[in-house]
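Inspection log for the structure reproduced underneath, given as structure tokens.
Readers should treat all values here as calculations from the given coordinates under stated rules, not as data from a laboratory. All values reported here derive from a predicted model rather than from experimental measurement. Cβ atoms come from the backbone with ideal geometry, glycine included; neighbour counts cover every protein chain shown.
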Amino acid sequence: MKKIILFAFAILGYFASHAQKIEESLVPIPVLEAFQKLHSTIKPLKWEKEAENFEAEIDIKGIEISYLFDPIGNLLETETEISVKELPAAVVSGFKTKFPKGKIEEASKIENHLGEITYEIESNKIDYIFNSAGELLNSENDKKD
């Protein structure tokens, strides 16, 4: 019985920690208004709920950009898809040092509301977050659909 309960909590925790697609009608008005201030003529491709926050994804000329807002419309971070060639040398070096056999499949530049920049590298369905100096800050299983 204890194993079943632990398994149920593990499954619940897994789904709670990953982004979930939602309809625009479920996005709070302050979040919609904040997005509109950034892009008055673009409609998001999709909205996702990440914990208590809301993420809008758009595509501009083939480049994916995601905006993460808190429930009252404050912009928390912007994530912009970049080519692997655009990664700073220190980030690529940090990745290759940690994962000598790893292959960089996708890359993004993330800027938080304080202007701090980190880089996301996807390799083998895992997202790795590095700072500009090439230090690994975090990793998680890819939560994309």
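Percentage of Cα-Cα pair distances in segment 32-127 greater than 16 Å, rounded to whole percent?
Within segment 32-127, distances greater than 16 Å cover 60 percent of Cα pairs.
So, R0 is 30 Å and r is the distance between the beta-carbons of Leu38 and Asn124; what FRET efficiency does that work out to, to 0.05?
It comes out at approximately 0.35.
Once R0 is set to 22 Å, what does the formula 1/(1 + (r/R0)^6) return for the Cβ-Cβ distance between Gln20 and Glu105, expressed as a FRET efficiency to the nearest 0.05?
0.40
First measure r as the distance between the Cβ atoms of Asn74 and Leu45, then evaluate 1/(1 + (r/R0)^6) with R0 = 22 Å and state the FRET efficiency to the nearest 0.05.
Result of the calculation: an efficiency of 0.50.
Describe numerically, in nm with one decimal, the distance between label points set 7 Å from Cα along Cα→Cβ at Asn112 and at Ile29.
Rounded to a tenth, the inter-label distance reads 3.1 nm.
What does the charge count around Ile110 come to, taking other residues whose C-beta lies under 10 Å from its C-beta (Lys +1, Arg +1, Asp -1, Glu -1)?
-4
If you average the sequence gap of Cα pairs under 8 Å that are 6 or more apart and divide by the length of segment 2-141, what percent do you get for the contact order? It would help to have the intermediate numbers written out before the result.
Values: 242 pairs, mean separation 20.3, N = 140.
Answer for segment 2-141 is 15 percent.
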